[in-house]
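Beneath this line is the structure, given in structure tokens, with notes to follow.
The values are calculated or read from the model by the stated rules, or taken from the named source; none is laboratory data. Remember, it's a predicted structure, so these values are computed and weren't measured experimentally. Because the Cβ atoms are built from the backbone with ideal geometry, glycine has one as well, and the counts that use them run over all protein chains shown. Just the protein is used for accessible areas: all its heavy atoms, side chains included, with ligands, DNA and RNA removed. Shrake-Rupley method; radii C 1.70, N 1.55, O 1.52, S 1.80 Å.
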Amino acid sequence: MNKKEVLEIRKQFSPANCAITRICGCYVDHEKNKKMQFRDAFLSLPEEEAFKYFDIFKKTLSGSLGRNLLNMEFPLEQEMPGGTQEFLLKLRNSKLEDDMLLEEFYNKVIENYIYDENYYIILIHAMYDVPGKASDDLEMYDASDTVYEYLLCSICPVSLSKAGLCYYSDDNRIKDRVRDWLVDMPDKGFLFPAFTDRNMDIHGALYYTKKSGDLQPELIDQLLGANMPMSADTQKETFQMIIEDTLGEDGDYETVRNIHETLNDLIEEHKEEPEPLMLDKTDMKKVFENSGVSAEKMESFEQVFEAAAGEKASLIAANITETKKFNIETPDIVIKVNPDRADLIETREIDGRQCLVIAVDDHIEVNGINVRTMKRPGSITVLNREEEE
């Protein structure tokens, strides 16, 4: 699924566009006991309650593709009888009216979801009458010939509200507030089947995680059984390994900065595209070459890439570089630079010591206080760093 397709489904979570037929829920305590279960027609919910659910469902389809939202494909064995895909299809086709299937689904979540406190499993069934599109990309609601029938699951932590004092109007007093168990925004979730090319794709699912570094592979394996892509954090670590192994001891500030800027330029050029920018081995090789990495170092690049990421791997550009910050760190100093002005810093050897040199053409603030650098304009500030022995 791409960004436009995700947004199209998110639009359904409003009173005007609601395509949800049924909602089910299971409240689980910290000892993995089912404390409450319910099943109801979604349109029978009170309006205020329905709005709260809309917020949860929108959040389950929010975040960055490749970081919080992960496209997953089912391996062939999971599409065979007894596989996870077949189970999800049965659950969807039941329109959430089969108690035994629901019980089996809840048990799968409870057995594999890692969370030490209370949580709430929400599952909805919906039928979206997909409107056709004219040549000018305008939707034609009277020209639909496709119905997208899907499930959306949201797993939400439930936490006790904070203690405090509260005003009670009944007896006109300030007294201890009653603490309630509040349903938070989702931590995990998934959409099945995927909505690809504005059509139903039973061979894929879209998985949501609040924290990109906490995918919970066991939950994915047992609940979806789908092939799990590399997490955003792992992609970043892999990319750093590729840089370090390619450049070796000759890795310098200017080369790393050039790679960073080359990636950011590619992301900027691609920002209007609905698909995230993916870089395979060939693409990454061009990035390194265009960033000034020597031909000698590039001789071993393909082997380095394959050893770190795999021969056919692709990395998402937004996961491996920072577009909003550029940090330089030593054991005692952290320098934060506007990514667009990383050129203001260079490295020099001064009096036999490796130094970072920062051009100062304006003013400097020290703890919020404006200070003068030097009397003459265009001066530089030099930060010394002892070379490691």
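Each row is one residue, and each column tells you yes or no for (1) among the aliphatic types (A, V, I, L, M); (2) crowded, with 20+ Cβ neighbours inside 10 Å; (3) in contact with a His (Cβ under 6 Å, 6 or more places away or on another chain).
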{"site": "Phe195", "(1), (2), (3)": "no, yes, no"}
{"site": "Lys211", "(1), (2), (3)": "no, no, no"}
{"site": "Leu215", "(1), (2), (3)": "yes, yes, no"}
{"site": "Asn227", "(1), (2), (3)": "no, no, no"}
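Can we say Ser62 is among the polar types (S, T, N, Q), modelled with pLDDT of 95 or more and within 30 Å of Lys236 (Cα to Cα)?
Working: among the polar types (S, T, N, Q): yes; modelled with pLDDT of 95 or more: yes; within 30 Å of Lys236 (Cα to Cα): yes.
Spelling it out, Ser62 is indeed among the polar types (S, T, N, Q), modelled with pLDDT of 95 or more and within 30 Å of Lys236 (Cα to Cα).
Look at the range 257-287 and say how many of its residues are open to solvent by less than 40 Å² (accessible area, probe 1.4 Å) and in a helix (DSSP H, G or I).
Qualifying residue count, the range 257-287: 10.
Can you report the number of residues in the range 1-40 which are among the polar types (S, T, N, Q), surrounded by 14 or more Cβ atoms within 10 Å (Cβ to Cβ) and farther than 27 Å from Thr196 by Cβ?
Residues that pass the stated criteria total 1.
Can Lys162 be described as closer than 18 Å to Met228 by Cβ, assigned to a loop (DSSP other than H, G, I, E, B) and not polar (S, T, N, Q)? Full working, then the answer.
Details: closer than 18 Å to Met228 by Cβ: no; assigned to a loop (DSSP other than H, G, I, E, B): yes; not polar (S, T, N, Q): yes.
Taking the combined requirement at face value, the residue does not satisfy it.
Specify the residue that is farthest from Glu346 (Cα to Cα); the eligible residues are those in the range 246-256 that are assigned to a helix (DSSP H, G or I) and not aromatic (Phe, Trp, Tyr).
Taking the range 246-256 and keeping what is assigned to a helix (DSSP H, G or I), we get 246-250, 253-256.
Filter once more, keeping what is not aromatic (Phe, Trp, Tyr): 246-250, 254-256.
On the way: Thr246: 21, Leu247: 18, Gly248: 20, Glu249: 18, Asp250: 16, Glu254: 7, Thr255: 11, Val256: 12 Å.
Among them, the one singled out is Thr246.
Looking for something closer than 25 Å to Glu5 by Cα and of a type in the set (S, T, N, Q) - is there at least one such residue anywhere in the range 230-240?
First, the residues of the range 230-240 that are closer than 25 Å to Glu5 by Cα: 230-233, 235.
Of the ones still in play, those that are also of a type in the set (S, T, N, Q) are 231, 235.
Yes: the range 230-240 contains one or more residues that are closer than 25 Å to Glu5 by Cα and of a type in the set (S, T, N, Q).
Among the residues of the range 179-193, is there at least one that is surrounded by fewer than 12 Cβ atoms within 10 Å (Cβ to Cβ), without any contact (Cβ under 8 Å) to a residue 40 or more places away in the chain and in a strand (DSSP E or B)?
No.
Please report, ordered by residue number, the strands (runs of 3 or more DSSP E) entirely within the range 295-358 with at least 2 residues that are touching a residue at least 60 places away in the same chain (Cβ under 8 Å).
Numbers: elements: 326-329, 334-337, 345-350.
Correct list: 326-329, 345-350.
Among the residues of the range 325-340, is there at least one that is of a type in the set (D, E, K, R), over 30 Å from Arg198 (Cα atoms) and crowded, with 18+ Cβ neighbours inside 10 Å? Give the steps one after another, and end with the answer.
Looking only at the range 325-340, we keep the residues that are of a type in the set (D, E, K, R), and these are 325, 329, 332, 336, 340.
Now restrict to residues that are over 30 Å from Arg198 (Cα atoms): 325, 329, 332, 336, 340.
Subsequent filtering for residues that are crowded, with 18+ Cβ neighbours inside 10 Å retains none.
Looking for residues that are of a type in the set (D, E, K, R), over 30 Å from Arg198 (Cα atoms) and crowded, with 18+ Cβ neighbours inside 10 Å, one finds none in the range 325-340, hence no.
Quick one: which of Tyr113, Tyr119 is modelled with pLDDT of 95 or more, of a type in the set (Ser, Thr, Tyr) and touching a Pro at 6+ places or on another chain (Cβ under 7 Å)? Give the steps one after another, and end with the answer.
On the way: Tyr113 fails: touching a Pro at 6+ places or on another chain (Cβ under 7 Å).
It is Tyr119.
Scan the range 232-245 residue by residue and report those that are surrounded by 16 or more Cβ atoms within 10 Å (Cβ to Cβ) and in contact (Cβ under 8 Å) with a residue 24 or more places away in the chain. Full working, then the answer.
Just the residues of the range 232-245 that are surrounded by 16 or more Cβ atoms within 10 Å (Cβ to Cβ), to begin with: 232, 234-236, 238-239, 242-243, 245.
Listed by number, the residues that qualify are Ala232, Gln235, Lys236, Thr238, Phe239, Ile242, Asp245.
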